[in-house]
Amino acid sequence: MDPIALFALLPDMAVFARVVDAGNFSVAARQLGSTPSTVSRQIKRLEDALGIRLLDRSTRAVRITESGKQVYQHCRDMLAAASAAVDIAGQSVGRPQGKVRLSAPISFAKSVIHPLIPAFLQRYAQVDVQLVFTDDELDPLADNIDLVIRLTEHPPPGFAGRQLGSVRWLLCASKAYLAARGTPAHPLDLAAHDCIYLGETADDHHWRFRRGSEHLAVDVRGRYIANDVGARLEAASAGLGIAIVPEFAAAEALLQGELVQVLPDWEPEALAYVGTVWLLYPPNRFLPPKVRVLIDYLAEQMG
């Protein structure tokens, strides 16, 4: 294929990679600011030029063919090379500027990341930040995100990363509640208290604890159940009972004396929002200054 014809196919190759990452034409079109019919025509044009079928289409989704998988990998490599070229250009400019897209779990984003952003924006006047609040595990490459925060002991392979700390859970209650109902001396005492729990699964009222090598569990009950960390925190502050919440969410209320920690010698065993805090990004050799300064800032503030 002559270079002129090849150059004409490059935009279609980029669109093809986006369609595969998105899983269907409609989502890809929305991400590209285009229409499904336009995207479909671009894929058809690429298939005709290459002489192979890249996608099997249905009304709701697309499935990549075996030939399409090979072409897709090269298209992704092409986009990665383009991204690296832009990054190098940013390096040569040297001044952090532009938009950085960062995703984080919802409660962690609200309690930890969001409060740090104003000072960052003040420090770097040419950098904008888009903070995506989501509990979905976004892919930095497929979802057009520069940085993702994951709470896990097993970060996915294929990404570079920085550890920003770890998350632990604790029991909290207001002083007024404890004055009225007494302070538990042992986890088994919680069975006689109002406890504020998640309520998303059948065993969310089954709280597990450990202290050294000792493990135990207790079934709790309460008059208020909420599947939002912030709501459980506010309910505990209002004296509705004892809640298990992540330390990062309760830190300010504990500091202000709105809440006190209960059973500090025992560690609740949570099933979500637990483990090491990882800041992940594609393992590019060159990181734009705008991304690098945000990585360093978060590590500085959270380290």
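The values are calculated or read from the model by the stated rules, or taken from the named source; none is laboratory data. Values in this document were obtained by computation on a predicted structure and should not be read as measured data. In this analysis, Cβ positions are derived from the backbone assuming ideal geometry, glycine residues included, and neighbour counts consider all displayed protein chains. Accessible surface areas use protein heavy atoms only, side chains included; no ligands, DNA or RNA. Shrake-Rupley method; radii C 1.70, N 1.55, O 1.52, S 1.80 Å.
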Discussion item. Output wanted: per-residue J couplings in Hz (rounded whole) for region 95-108, from phi through Karplus 6.51 cos²θ - 1.76 cosθ + 1.60, θ = phi - 60°, x for Gly and Pro.
Written reply: 9, x, 7, x, 9, 10, 9, 10, 10, 7, x, 3, 5, 5
Item to complete: Compute the accessible area per residue over the chain, keeping the other protein chains in place, probe 1.4 Å, unit Å².
Response: 53 Å²
Discussion item. Please list, by residue number, every one of the trypsin sites (Lys or Arg not before Pro) in region 1-58 that is coil in DSSP and has at most 15 other beta-carbon atoms within 10 Å.
Written reply: ARG53
Worksheet, complete the sentence: Ranked output for segments 116-126, 169-179 by mean other Cβ atoms within 10 Å, highest leading, reads 169-179, 116-126
Fill in: Carbon plus sulfur fraction of accessible area for region 3-89, probe 1.4 Å, in percent
60 percent
Response to the item:
Of every Cα-Cα pair in the chain, the percentage lying beyond 34 Å is 41 percent
Discussion item. What's the magnitude of the charge dipole for region 3-89 around its Cα centre, counting Lys and Arg as +1 and Asp and Glu as -1 at the beta-carbon? Answer in Debye, nearest 20.
Written reply: 360 debye
Fill in: Amide hydrogen neighbours beyond the local backbone of LEU171, cut-off 5 Å, H modeled
VAL262
Item to complete: Towards the positive end of the charge dipole of region 95-302, with charges on Cβ (+1 Lys, Arg; -1 Asp, Glu), say which of LEU171, LEU298, GLY212 has the farthest Cα.
Response: LEU298
Worksheet item: What longest range of the chain stays clear of loop-exposed GluC sites (Glu not before Pro) (DSSP non-H/G/I/E/B, at most 13 other C-beta within 10 angstrom)?
Response: 1-136
Response to the item:
For SER166, other-chain or 5+-apart residues with amide H closer than 5 Å (H placed, Pro excluded) are VAL277
Worksheet item: From the Cα gyration tensor of region 1-53, with a ≥ b ≥ c the square roots of its eigenvalues, which class applies: rounded if a/c is under 1.5, or else prolate if a/b is larger than b/c, or else oblate?
Response: prolate
Discussion item. Between ASN144 and ALA80, what is the label-point separation in nm under the 7 Å Cα-to-beta-carbon projection?
Written reply: 2.1 nm
Discussion item. Nothing charged except the Cβ atoms of Lys and Arg (+1) and of Asp and Glu (-1): what's the magnitude of the dipole of the chain about its Cα centre? Round to the nearest 20 debye.
Written reply: 780 debye
Fill in: Calculated from backbone phi, Karplus (6.51, -1.76, 1.60) coupling profile of region 201-217 in Hz, x at Gly/Pro
10, 5, 10, 5, 8, 9, 8, 10, 9, 9, 9, x, 8, 8, 10, 7, 9
Fill in: Portion, in percent, of the accessible area of region 167-272 that falls on carbon or sulfur, probe 1.4 Å
49 percent
Practice prompt. Could you pull out the trypsin sites (Lys or Arg not before Pro) across region 226-303 that fall in loop regions by DSSP (anything but H, G, I, E, B) with no more than 11 other Cβ atoms inside 10 Å?
Written response: ARG285
Worksheet item: Taking the chain, how many lysine pairs are there with alpha carbons less than 26 Å apart, if each pair must be eight or more places apart or span two chains?
Response: 5
Practice prompt. Enumerate the amide H contacts of ILE196 below 5 Å, restricted to partners 5 or more residues apart or on another chain; note that Pro and chain-start residues carry no placed amide H.
Written response: ILE242, ALA243, ILE244
Response to the item:
The ³J(HN,Hα) series, computed from each phi in region 39-54 with the Karplus coefficients 6.51, -1.76 and 1.60 at θ = phi - 60°, rounded to the nearest Hz and given as x for glycine or proline, is 4, 4, 5, 5, 5, 4, 5, 5, 4, 5, 5, 8, x, 9, 8, 9
